[in-house]
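The values are calculated or read from the model by the stated rules, or taken from the named source; none is laboratory data. The structure displayed is predicted, hence computed values, not measured ones. Neighbour counts run over all protein chains shown; Cβ positions are idealised from the backbone, glycine included. Please note that ligands, DNA and RNA were not included when accessible areas were found on the heavy atoms of the full protein model with its side chains. Shrake-Rupley method; radii C 1.70, N 1.55, O 1.52, S 1.80 Å.
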Amino acid sequence: MTRILMVCLGNICRSPLAHGVLESKLPSSKFFIDSAGTAAYHIGNRPDRRSIEVAGLHGIDISTQRARQFKVSDFDTFDYIYAMDASNYTNIINLARNTDDIGKVKLFLEEHPTISNKNVPDPYYGDMTDFEHVFDLVEATSNRIAQKLLSTPL
Ligand code: 4NP
């Protein structure tokens, strides 16, 4: 089983989308996908209704996800930890215990085929256009990650 964790700040807007979209592209018999937030603000909450809506428009149901906070033991549980932006990346790295932990953490958009800005913009104070933009970034990046994972046996 390969385990992949998506991380943003609140775990209600960006990482639930990355979680749901990547999960839809990989067989659950071989891949476990989860998401978390570096902050504790929204623990136990559903994804933001706008994330639920934009995922739904693309045929993906993320409404059963519940927010949780990133924890140090996630470094043991997961093989790959993807941070949605540089600030999330720093927050995760600050909890790392050793170089093995650090080696598991990457910026999610490092896997995007073309875009040079490696931060998924936080859509929380935005509107549906911002959520659609996040969805598009997540979709293109998840395609690339899934392609890589399916062609590289661990
Ligand atoms: P997320 O977005 O990190 O993509 O889940 C945010 C959600 C909530 C807040 C900030 C960003 N907040 O400040 O409550």
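Most fluctuating residue of Phe32, Phe108, Phe135 in a GNM of the chain with Cα springs under 10 Å: which is it?
Fluctuation is largest for Phe32.
Leaving ligands, DNA and RNA out of it, work out the accessible area of His133 with a 1.4 Å probe and give it in Å² to the nearest 10.
For His133, solvent-accessible area is about 90 Å².
Name the long-range amide H neighbours of Ser35: under 5 Å, sequence gap of 5 or more, or other chain; modelled H, no Pro or chain starts.
Excluding prolines and chain starts, which carry no amide H, the hits are Met6.
Using a 1.4 Å probe over the heavy atoms of the protein chains, calculate the carbon and sulfur portion of the accessible area of the chain as a whole percent.
Within the chain, the accessible surface is 50 percent carbon and sulfur.
Quick one: of Lys71/Lys148; Lys118/Lys148; Lys104/Lys148; Lys30/Lys71, which pairs are farther than 21 Å apart, Cα to Cα? Mind showing how you got there, number by number?
Details: Lys71/Lys148 27 Å; Lys118/Lys148 19 Å; Lys104/Lys148 16 Å; Lys30/Lys71 23 Å.
Going by Cα-Cα distance, Lys71/Lys148; Lys30/Lys71 fall outside the 21 Å limit.
Using the alpha carbons of the chain, what is the convex hull volume per residue in cubic angstrom, as a whole number?
Hull volume over Cα atoms, normalised by residue count, gives 108 Å³.
If you place +1 on the Cβ of every Lys and Arg, -1 on the Cβ of every Asp and Glu, and leave all else neutral, what size is the dipole of segment 44-154 about its Cα centre, to the nearest 20 Debye?
Roughly 300 debye for segment 44-154.
Tell me, in nm to one decimal, what length is gained between Glu53 and Tyr41 on full extension, where the rule is 0.36 nm per residue of separation less the Cα-Cα distance?
2.2 nm
Which order, highest average first, do 99-105, 83-89 follow once you tally other Cβ atoms within 10 Å for each residue and take the mean per peptide?
Values: 99-105: 13.9, 83-89: 22.4.
Result, highest mean Cβ count within 10 Å first: 83-89, 99-105.
Need one number: nm distance between label points at Ser28 and Ala96, each 7 Å from Cα along Cα→Cβ, rounded to one decimal.
Between Ser28 and Ala96, the label points sit 3.2 nm apart.
Compute the relative contact order of segment 2-151 as a whole-number percentage, counting only Cα pairs closer than 8 Å that sit 6 or more residues apart in sequence.
Values: 277 pairs, mean separation 41.3, N = 150.
Once divided by the residue count of segment 2-151, the mean separation gives 28 percent.
Please name which of Phe70, Leu107, Gly126 has its Cα lying farthest along the dipole of the chain towards the positive end, using unit charges on Cβ (Lys, Arg +1; Asp, Glu -1) and the Cα centre as origin.
Farthest towards the positive pole: Phe70.
Under 5 Å between amide hydrogens, which residues at least 5 positions from Arg3 or on another chain qualify, with H placed 1.01 Å from N in the peptide plane?
Residues meeting the criterion, in which the H sits 1.01 Å from N, are Phe32, Asp79, Tyr80.
Rounded to the nearest 500, what is the 222 nm mean residue ellipticity of the chain from helices alone, with -39500 (n - 2.57) per DSSP H run of 4+ residues and division by all residues?
Details: 6 runs with 60 residues, N = 154.
Counting only the DSSP helices, I get -11500 deg cm²/dmol.
Under a crude label model (7 Å from the Cα following the beta-carbon direction), how far is Asn143 from Ser87 in nanometres?
3.0 nm
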